[in-house]
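J.: Pasting in a structure now, in structure tokens, and then I'll have a few things to ask.
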Amino acid sequence: MNPLEIPSDELRQLLEEVTNVVLRYVEDLNAQAIMPMMGGPEVDRVLRSEWPKEGLKGQIVPQINEVIRHSRAQNGRFFGYVLGSAEPVAAVGDLVASVLNQNVTAWRSSPAAVSIEKMVVEWLAQAIGCTGFQGSLTGGGSSANLMGLAMAREAKLPANSQGVGGRRGIVYASEEVHMSIPKSVALLGLGTENLCLIPTDEAFHMIPEELDRTMRRDQASGSVPVAIVASAGTVNTGAVDSVVELSRIARRHGAWLHVDGAYGALAALALPNRFSGFELVDSISLDPHKWLYQPLDCGCLLYRDAAAARRTFSHTGEYARVLTSAPIEGFAFFEESLELSRRFRALKLWLSLRYHGREAFRQAIKHDLIHARRLAEAIVEQPELQLLAPVELSAVCFRYLGKGGLSETELNRLNRAILKRVNERGRLYLSNATLRAKFCLRACVLNHRTSDSDIDSIVPEVIGAAREVQP
Ligand SMILES: Cc1ncc(COP(=O)(O)O)c(C=O)c1O
């Protein structure tokens, strides 16, 4: 027998033991410290081992608990970054997807998977008001943004065959744009100096009049307007740019309109009126691993025109050419995507979205929005704290002011120390943002496990940490 073959009774036992570990993990989540109490070097030392020459077999299972003990807890008091909460039914889907190991390149190597991915992409498009759009699942919002901007570049400044040459193509986005956009602009060879950051209003939305004025000026000097990137949920504050207004400007200047909806677009399920205009855009990224609570990884790019995707991504080698004429059997994701080998990401979505139903996800998103407002109200009521941005979605930016009288530099230093202390205390986890040079504590609620009492613990925790770090 091949040494990698595992007898089915041994596999059954492994699955049962791992199932117990998983169940205990999920049941105990709220009792766990939010981050390991050890620092990085110690965690590294505890987990470091040689690749054993002989297999450890079942002894490996208890060691999974070591990994868990030194991981971030996926509980309702994690408010850092923009991170979903790994709905467990979806995790079961991921296990099945790995066992099936379909390579979702094209129908011929993954028949059911292609049908299911095309269907869930359709559900996602419908959910955000983009019925008729096509697309594919990606590793996340960053790769979806890269793909969206690659399509924009090829549509407006075709360069796949001869390069951009001396032509100057410009991408416009707000000052609050996510770092994946400058990265994409750099990777596409457009040059980050040609990413034009447009100022935002007091609520951190791109100012359309500034955009229009800047585009006129640039066009007069002969540059090519490649794309406008609207944010549907900026990473810092969740500000949603006016997509309708930006679509008019994009049309006026002949630019592609891409929406970075990685954080916020899926909130359209609960707030359809807040997100008008998605149907007008050329491409939009969204992240089911954020606001559909799916385990990593699961992003998505939707686009209006599949032919534009094929013009950008189709470089089919002879060995991969599809030789059938039935439309679905001839379909190949690699003709419309960066990726060739692709995991069966759609299975977790298919299982989780059908298991719980659409209404459950709508309610979960609504809860997050209500929780964020509840936190904002608690901050406003506490005179030692200051809310630093409107709460449009579920990101809450605030800072500790204390009794007043501190300079901006002192406040920034103090709030940095408070953030470190809050996270060291291990009861909840916050991250940070900087808004107009003010260092903020930032809580982002994208978590089906968060309770009212988790939210209510944030203000006392911050005040408690502030008391500890102040001299
Ligand atoms: C607004 C925005 N865009 C893009 C991304 C990148 O998404 P991902 O981490 O899935 O690559 C994020 C991540 O937080 C985001 O908040």
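J.: Are there any trypsin sites (Lys or Arg not before Pro) in segment 105-167 that are in a DSSP loop and have at most 16 other Cβ atoms within 10 Å? List them by number.
T.: Working: sites: Arg108, Lys118, Arg153, Lys156, Arg167; in loops: Arg167.
Answer by residue number: Arg167.
J.: Please compute the net charge surrounding Leu29, taking Lys and Arg as +1 and Asp and Glu as -1 over other residues with Cβ under 14 Å from its Cβ.
T.: Residues near Leu29 contribute +2 overall.
J.: Which of the lysines could be linked to Lys366 by a straight reach, that is with a Cα gap under 16 Å, when you skip same-chain ones fewer than 8 residues away?
T.: Here the lysines satisfying the reach criterion relative to Lys366 are Lys290.
J.: Next question, about the same structure. State the antiparallel share, in %, of DSSP beta bridges confined to the chain, rounding to the nearest 5.
T.: The answer is about 55 percent antiparallel.
J.: Which residues make up the longest stretch of the chain that has no GluC sites (Glu not before Pro) in a DSSP loop with at most 16 other Cβ atoms within 10 Å?
T.: Working: sites that count: Glu5, Glu50, Glu54, Glu175, Glu202, Glu329, Glu384.
Value returned for the longest uninterrupted segment is 203-328.
J.: For segment 70-226, build the charge dipole from Cβ charges (+1 Lys, Arg; -1 Asp, Glu) around the Cα centre, then report which of Trp107, Gly80, Ala144 sits farthest towards its positive end.
T.: My answer, from the dipole projection, is Trp107.
J.: What are the equivalent ellipsoid semi-axes of segment 139-179, built from the alpha-carbon gyration tensor (square roots of five times its eigenvalues), in whole angstrom, biggest first?
T.: On the way: eigenvalues 90, 40, 10 Å².
Each semi-axis is √(5λ); the values are 21, 14, 7 Å.
J.: In the chain, what is the volume of the convex hull around the alpha carbon atoms, normalised per residue and reported in Å³?
T.: Value for the chain: 181 Å³ per residue.
J.: Would you kindly derive the ³J(HN,Hα) couplings of segment 364-377 from the backbone phi angles with the Karplus curve 6.51 cos²θ - 1.76 cosθ + 1.60 (θ = phi - 60°), listing them in order in whole Hz, with x for Gly and Pro?
T.: 4, 5, 4, 4, 4, 5, 5, 4, 5, 5, 4, 5, 4, 5
J.: How much FRET efficiency would the formula 1/(1 + (r/R0)^6) give for Thr131 and Asp201, where r is the Cβ-Cβ distance and R0 is 30 Å, rounded to 0.05?
T.: 0.45
J.: Additional query: What residue among Cys300, Asn432, Ala220 has its Cα farthest toward the positive end of the dipole of the chain, where the charges are +1 on Lys, Arg and -1 on Asp, Glu, each on the Cβ?
T.: Ala220
J.: Separate question: Heavy-atom accessible area per residue, segment 244-382, 1.4 Å probe: how many Å²?
T.: 43
J.: Per-residue HN-Hα couplings for segment 82-98, Karplus 6.51 cos²θ - 1.76 cosθ + 1.60 at θ = phi - 60°, whole Hz, x for Gly and Pro?
T.: 9, 9, x, 10, 6, 4, x, 4, 5, 5, 5, x, 5, 4, 4, 4, 5
J.: So how exposed is Thr409, as accessible area in Å² (1.4 Å probe, rounded to 10)?
T.: Roll a 1.4 Å probe over it and Thr409 shows about 90 Å².
J.: Over segment 80-181, what is the mean sequence separation of C-alpha contacts under 8 Å (at least six apart), divided by residue count, expressed as relative contact order in percent?
T.: Result for segment 80-181 is 14 percent.
J.: Please compute the per residue accessible area over segment 399-471 with all protein chains in place, 1.4 Å probe, rounded to a whole number of Å².
T.: 44
J.: Restricting to segment 154-278, what percent of DSSP beta bridges are antiparallel, rounded to 5?
T.: Bridges in segment 154-278 that DSSP calls antiparallel: roughly 10 percent.
J.: Compute the accessible area per residue over segment 115-157, keeping the other protein chains in place, probe 1.4 Å, unit Å².
T.: 28
J.: Quick one: net charge around Glu381, please, counting Lys, Arg +1 and Asp, Glu -1 for every other residue with C-beta under 12 Å from its C-beta. It would help to have the intermediate numbers written out before the result.
T.: Details: positive: Arg374; negative: Glu377, Glu384, Asp456.
So the environment of Glu381 carries a net charge of -2.
J.: While we're looking at this one, here's another question. Can you sort Trp256, Trp107 by solvent-accessible area, 1.4 Å probe, largest first?
T.: Trp107, Trp256
J.: Ordered by residue, what ³J(HN,Hα) values in Hz, to whole numbers, does segment 126-139 give under the Karplus form 6.51 cos²θ - 1.76 cosθ + 1.60, where θ = phi - 60° and Gly and Pro are x?
T.: 4, 4, 10, x, 10, 3, x, 5, 10, x, 8, 7, 10, x
J.: What is the sum of charges, Lys and Arg at +1 and Asp and Glu at -1, for the other residues whose Cβ falls under 11 Å from the Cβ of Asp287?
T.: Every neighbour counted, the sum reads -1.
J.: Which distance in Å, rounded to a whole number, links the C-alpha centroids of segment 265-318 and segment 371-402?
T.: Between the Cα centres of segment 265-318 and segment 371-402 lies a distance of 31 Å.
J.: Lone cysteines in the chain, defined as no other cysteine's Cβ under 4.7 Å from theirs: which are they?
T.: Cys130, Cys196, Cys298, Cys300, Cys444
J.: Sticking with this one: Carbon and sulfur: what percent of the chain's accessible surface (1.4 Å probe)?
T.: Numbers: 11950 of 22050 Å².
So the carbon and sulfur contribution to the accessible surface is 54 percent.
J.: So what does Tyr25 come to for accessible area, using a 1.4 Å probe and Å² rounded to 10?
T.: In the full protein context, Tyr25 sits at about 60 Å².
The values are calculated or read from the model by the stated rules, or taken from the named source; none is laboratory data. Quick caveat, the model's predicted, so the values are computed rather than measured. Glycine gets a Cβ as well: all are built from the backbone with ideal geometry, and neighbour counts include every protein chain shown. The area values use the complete protein model at the heavy-atom level, side chains included, leaving out ligands, DNA and RNA. Shrake-Rupley method; radii C 1.70, N 1.55, O 1.52, S 1.80 Å.
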